[in-house]
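Here is the structure we will look at.
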Amino acid sequence: MTLNSLYLKTMSAAGIKYAIALLASLLLALTVVGQSKDDLQKQRDELNKQISYTKKLIAESEKTQQSTNQQLLVLNKQINLRQRLIRNMSSEIDEIEKDITHKQEEIVQLEEQITDLKEEYAHMLRVNYENRRAQDKVMYIFASDSFYQAYKRMKMMTYYTEIRQRQVETIKSTQDELNGAIAQLEGTRQEKQSLVSAQEEESSKLESDKKTRQKTLSSLKERESELRKQQQQQEEERQKLNKAIQRIIEEELRAEKNKNNGVYSLTPEGKIISANFEKNKGSLPWPVLRGVVTMKFGEQPHPSIPGIVITNNGVDITTDKDASVLAVFEGEVTQLFSLPGAGYNVIISHGAYRTVYTNLKAVKVKKGDTVSASEPIGTVISEGGKSIAHIEVWKVTSTGGTPQNPEYWLSKK
C-alpha cells in the first residue's frame, strides 16, 4: 500500500469518527429539547381545555342576568389560566429558539464537513492523476516480483477504488442530511411564528378578561350591602358545617376509645386503608368528572368585598349543572346528614382519614355502605347559575380531626 493511499484511508476513518461524534452530540441535545417541548405542549393543551371549560361556565352563569361572586371567581380562574398559558407559551418559544440554535449549529457543522469531504476527495483524485502511469493496472501487476506481490497490488487497487466510491457516497449522504436539517429549521421557524401569534392573541384575550372582571367588580360594588348579608349567612352555614363535622369525628373517637379501654386504635383493616390512602396522595381521582377549583383551602380574601377573609376547610369546585359527585377513594359511609345552605352531606371513612362531600341535592348512598373510588355518591346542587361541589379531607388522631388541603391529595389537572 502506498503512503498516499494509507493517508487517505486514515483521513476517511477520522472523518467518519468525527461525523459519528457530531451526530451523537446533536441527537442528544435535540432529544432533551424535544422531551421538554412535548411536556410543554401537553401542558398547553390541558390549559386550553380548562379555559374552554371556564368560558362555558361563565356563559352559563351570565344567563342569570346579574353579576355574582361565583361569576367573578370563575373569571378569576380563567384569568389565572390565561396567565399560566402565556407563561407556558413563553417557555415553549424559548425551547423552540434553542432548537433553532442547535439546528443552525448542526447546519454549519454539516457544511464544514461537506467542505472537508470534498477537499479530501479532490486530493484523492489529484493523487490518482499524478500516479496514473505508475498505477496502470496491467503494467503495475506484471511488474510484480512474485505472485504474492501481484495479489497484494490487485487488492490495494481494488481497496483504493472502494475508498473513492465510499467518499462519493459519504458526500452525498451528508448533503442529504444538510438538506434535511435546513428543511427542519424552516419548519421550526414557522412553528415559532405560529406560537408567537397564538401568544399575542391570548394576551389580547387576557386584557379583555381583565376588563370584564373590572366591570363585574363595579357591578358587585353597587350591591355590597346585599352581598355582605349573603356573606354573613354563608359564613354562619360554613361554621355550622365545621361544627357538625367536628362533632361527628369526636363522637366516632369516643366510640372507638370506649371499645379499646380509652385508647384510639385503628383495626388492622383500618391501618391498611389508611396506608393505601396515604400512598395515593396527589393521585386521588377528582370528585367530579369536570370542574375547576374556584375557592382554595385556607384563608383567602373575599372576591369582591374588601376586608372580608374567608376560611375554607376544603375546596370548592365549580362544575356542570346536576353533576355527579364521586368518592375519591374506597371506604365506608359513616355519616349522612343535611344542613340548611349545605344540602346533604356525606362523610366517608378511610381508616384514619375522612372525606366530606357537601352541597348535594340528592344522595345515592346510605350510612354503612361500602363505596369504591370514583363511585357516584350524589348530585350537586345547581341554582342561581352555579354548581359547586365542596370536598374536605380530614385526618383523625387521638386528639381529634384536622382538615387537610384536598389539592395536595387530588391528582393534578
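No lab work stands behind these numbers, since they all come straight from the coordinates. Remember, it's a predicted structure, so these values are computed and weren't measured experimentally. So basically every Cβ, Gly included, is an ideal-geometry build from the backbone, and we count neighbours across all protein chains shown.
In a DSSP loop and with at most 14 other Cβ atoms within 10 Å, the GluC sites (Glu not before Pro) in the stretch 164-261 are E222.
For the cross-link pairs K49/K386; K243/K395; K281/K412; K364/K395; K77/K210; K361/K412, the ones whose C-alpha atoms lie over 22 Å apart are K364/K395; K361/K412. Taking the convex hull of the alpha carbon positions in the stretch 332-413 and averaging its projected area over all directions gives 6.3 nm². Using R0 = 35 Å, the C-beta based FRET efficiency linking Q165 and Q43 works out to 0.10.
Annotation: aspartates and glutamates with alpha-carbon distance below 13 angstrom to K296 (same-chain offsets under eight excluded): D316, E392, E407.
Projection of the Cα convex hull of the stretch 339-386, averaged over all directions and equal to a quarter of that hull's surface, yields 4.0 nm².
Count Lys and Arg as plus one, Asp and Glu as minus one, and take only other residues whose Cβ is under 13 Å from that of L220; the net charge is then +2. By the Kirkwood approach, averaging reciprocal distances over each pair of separate Cα atoms, the stretch 166-307 gets a hydrodynamic radius of 23.4 Å. Taken over the stretch 303-360, the ratio of Cα radius of gyration to 2.2 N^0.38 Å equals 1.35. For a modelled paramagnetic label at N276, 7 Å from Cα along Cα-to-Cβ, the residues of the stretch 336-361 in reach, with backbone nitrogen under 14 Å, are 349-353.
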